[in-house]
Amino acid sequence: MNVFSVKFHPARGLLGIVVAIVACSALWAPLATGQTPGIHTAPVVVQGNRVKPFLHYPIGQYRLFRTDANGVAVAIPFQIDEINDWGDYVLDQGSDITAKTGNGLFDLQDELVFMGDDVGPIKAPKKWPGPTPAGVFELKLTYTGKNDVGPQEGAVYVAVYFGTPPPLSTKKYVVFNRDQAEVITSRYRYGFDQKNWLVSRKVEMRPAGASSVDQFLPLLDSTTFYLKADLKYFLTLEVNHASINSELEAWKLGPVRSLVRVSFHYSIMKLNFELGMYTEISFFSNAVFLPAIMFNPIDGQKSLNRGSGFYYGISLRDNPSQYDIASNMPPYKEAGMLDFLKPDEKMEPMYWVTAAGKDRMLYMEITPSKQMRQLGAIPSIYREDKAGAEIVGRSSAAAKPLGLSPVNLALYFDMTKFSQGEHVMAFRLFFENSKDANRLTNFKNLSNWDIQANRI
C-alpha cells in the first residue's frame, strides 16, 4: 500500500488545527513531460519498515532502476528522506535545526520516494550501467482493488553498491527556487508570499502544449484562512494569516519532492500566552502531502459557542460555476440557534472533492480519524459563484468570515466538534492540467496498491 507520510509537530495551540489546511492551494503541478506510462501517475512514498530486506546501508550507496524492453537497468529519479528519532525530516538547507540529526543510513522510519510513472515491468535487469551492484532487491507494486486501474502490477529495482555507484538519474520532477520562493514543475508554478508563508502570492498553470517554458495562466488570485474561537464567558478570538508571524525555517531539495519546514508564531496578549508551531510539507510534481497530526488545547464542546470554526479558502480567478465540482462533504451552513434540531450528518470514512475545468483537475482527500468521525468533526464545503474579480475588493488583511472575505471556494470545520487533545487527519491533494477521468480514478484508488520487497 502506498504510504503517504506527512507530519505536523507539535501544533501546540488552537491554530495548529488551521495549519493542516494552509497549503491546499500549494501546488497545481502535474507530471514532468515525456514519461513512459507506469502503474499510475501519483507519487509513491515507502517507509523503511515496509522494505526491511534492503535497509541499513549508507544512503549514498543506493540506486533505483526500472527494466527496459532489452533487459537493461535504466536509472530513475528517487530520493531517500531521513526521519530522525523525534519524527522530523532531516533537512539539510536553511536552519540546521534537524540537519545533523540523521545517521546517514536508510532505516526503518526513513522514506524511499519515487513516481508511479517510473515503475516498469516485473523483470529483473540483466545489464547494469557501470559496475554490477553488490545487492539487488525487487520492489513489486500490485493492484489489489476490484476496479481496473491501468497495469495491475509493476516493479522497480533497488541496487546497493559497496564501491562507487553509477551516476544518478538527471531528471527532476519538481524544483524549489529559494531565492524566488517558487515551486516549479513542467506545468505549474506556485509562489510563496515571503512576508507571510501561510499564503501564496501566485498560483499559475502552464497550458498543455505551451510553446514557452515561461508561459503561464493565473489560477488563483489569493488564499487565506480564518479562525473564530468564541469562548464561553470569556472573549472571542478572530485570526487569519495576517495575525501570525511565519518563516521558512529549513528545507530539502530532491528530484521527486521538495520538503519545507515552516514555523509559525502567534502571541495572544489578552490571554498572556504564546502559540508556537511548525509544519513540514511535501511538494511533488502533481501532489501536495499535508500535515496530518493536530493538537487542540481547548475542548470545543465545553468551551466554545456555536459559530466557532475555521476555514481555508481560495479565490479562484474563474467563477467556480465554470468547474464541475463534486464532493461527498456536506455543504457549509452558518451556525444557528436551532442547530441542535438538525439531524447528524452521515459519517464517511473518507471525504473528497473534485473540481474539473476544461483544462485542469483537482482531487483532494481528507481522512479524519475514527475519533473525529465519532465527534462529527468533519469538513464542509463552501462555494460562492463569483469570479475572483468580483470579490477582490474584500480586504484580506482583516480576519473576516465566509461571505465577507476574498474567498469563493473553501473548506470549513466546526470547532465545537473538536475535543481537547491530539487529532489525526490525513490529507492528499493531486492536480492535473487536463481533464482526465482515468487519472482521477487512479488517485481515488491509490490505497489499493500493495508493496512487497524481496532480494533477487
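Side notes on the structure shown:
- Among the residues making up the range 381-414, those that are of a type in the set (A, V, I, L, M, F, W, C), outside any loop (DSSP other than H, G, I, E, B) and either over 11 Å from residue 223 (Cα atoms) or in contact with a Lys or Arg (Cβ under 7 Å, 6 or more places away or on another chain) (or both) are 381, 389, 391, 409, 411, 413.
- Within the range 59-91, tally of residues that are of a type in the set (A, V, I, L, M, F, W, C), more than 24 Å from the chain's Cα centre (by Cα) and over 19 Å from residue 135 (Cα atoms): 1
- Cβ-Cβ under 9 Å pairs, at least 6 apart or on other chains, the range 416-445 side in the same structural domain as residue 116 (by TED's automatic domain parsing) and closer than 17 Å to residue 358 by Cβ, far side part of a helix (DSSP H, G or I) and among the small types (Gly, Ala, Ser): none
- Condition met for residue 263 (surrounded by fewer than 18 Cβ atoms within 10 Å (Cβ to Cβ), at pLDDT 70 or above, assigned by TED's automatic domain parsing to the domain that holds residue 433 and of a type in the set (Gly, Ala, Ser)): yes
- Of the residues making up the range 123-144, those that are exposed (fewer than 15 other Cβ atoms within 10 Å of the Cβ) and within 33 Å of the chain's Cα centre (by Cα) are 124, 144.
- Screening 435, 358, 444, 370 for residues that are of a type in the set (D, E, K, R), touching a strand residue (DSSP E or B) at 6+ places or on another chain (Cβ under 6 Å) and more than 20 Å from residue 331 (Cβ to Cβ) leaves exactly one candidate, 435.
Let's see how each residue does on (1) surrounded by fewer than 15 Cβ atoms within 10 Å (Cβ to Cβ); (2) under 20 Å from residue 395 (Cα atoms); (3) within 16 Å of the chain's Cα centre (by Cα):
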position	(1), (2), (3)
183	no, no, yes
222	no, yes, no
233	yes, no, no
244	no, yes, no
257	no, no, yes
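- Residue within the range 333-340 that is at pLDDT below 85 and among the aromatic types (Phe, Trp, Tyr) present: yes
- Criterion (touching a residue at least 40 places away in the same chain (Cβ under 8 Å) and over 17 Å from residue 77 (Cα atoms)) met by exactly one of 139, 112, 108: 108
- Taken over the range 235-271, the criterion of being in a loop (DSSP other than H, G, I, E, B) and farther than 25 Å from residue 115 by Cβ is satisfied by 235, 244.
- Test: residue in the range 419-431 that is crowded, with 18+ Cβ neighbours inside 10 Å, assigned to a strand (DSSP E or B), touching a strand residue (DSSP E or B) at 6+ places or on another chain (Cβ under 7 Å) and basic (Lys, Arg): yes
- Listed conditions (1) over 29 Å from residue 297 (Cβ atoms); (2) in contact (Cβ under 8 Å) with a residue 40 or more places away in the chain are all met by residue 382, apart from (1).
- The range 199-234, residues that are in contact (Cβ under 8 Å) with a residue 40 or more places away in the chain and part of a loop (DSSP other than H, G, I, E, B): 199, 206, 207, 208, 232
- Scanning the range 82-110 for residues that are crowded, with 22+ Cβ neighbours inside 10 Å and either under 21 Å from residue 284 (Cα atoms) or in contact with a helix residue (DSSP H, G or I) (Cβ under 7 Å, 6 or more places away or on another chain) (or both) gives 82, 83, 89, 91, 106, 110.
- Within the range 164-181, if we keep just the residues that are touching a strand residue (DSSP E or B) at 6+ places or on another chain (Cβ under 6 Å) and of a type in the set (Val, Ile, Thr), the residue that is farthest from residue 128 (Cα to Cα) turns out to be 175.
- Residue count, the range 365-380 (criterion: at pLDDT 85 or above and either part of a strand (DSSP E or B) or over 21 Å from residue 305 (Cα atoms) (or both)): 3
The values are calculated or read from the model by the stated rules, or taken from the named source; none is laboratory data. As the structure is a computational prediction, the values presented were derived from the model and not from experiment. In this analysis, Cβ positions are derived from the backbone assuming ideal geometry, glycine residues included, and neighbour counts consider all displayed protein chains.
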